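A short worksheet on the structure shown next.
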Amino acid sequence: MLASFQAAKIMRSPAKPNLELKADALTKSIFRWEDMNGRLLHSISQELSTISINASKHLSLLVGINGSYSHIYLAES
């Protein structure tokens with residue numbers, strides 16, 4: 001039992017730093033995605049096309065956003 005525990009510990013030890021690096025990279029990626037979404041949505045909220053109640057202006061804006069930013073899910077037209 002002790003040998004099995006030690007073997008598992010030895011096998012996990014090289015994996016831990018790699019997992020920590022991947023988790024750190026994922027965290028940074030999520031923060032960048034969140035920041036980009038916040039900035040883009042704030043920018044959109046200032047556009048006259050967005051403020052307007054004219055639906056045709058909204059559609060062209062959303063189509064443009066979808067073409068440029070494939071990961072902005074709130075802008076689905």
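No lab work stands behind these numbers, since they all come straight from the coordinates. What you see is a predicted model, and the numbers here were worked out from it, not measured in a lab. Methodologically, a virtual Cβ is constructed for each residue, glycine included, from the backbone with ideal geometry; neighbour enumeration extends over all protein chains shown.
Between helix 55-68 and the chain there is an angle of about 30 degrees, using the helix long axis and the longest principal axis of the Cα atoms. For the chain, the longest principal axis of the Cα atoms and the long axis of helix 15-46 meet at an angle of about 10 degrees.
Toward the positive end of the charge dipole of the chain, with +1 on the Cβ of Lys and Arg and -1 on the Cβ of Asp and Glu, the farthest Cα among S4, I65, A23 is that of S4. Relative contact order of the chain, taken over Cα pairs closer than 8 Å and 6 or more residues apart, is 15 percent. For the peptides 22-32, 56-66, the ranking by mean Cβ contacts within 10 Å, running from highest to lowest, is 56-66, 22-32. The average projected area of the chain, computed from the convex hull of its Cα atoms over all directions, is 7.5 nm².
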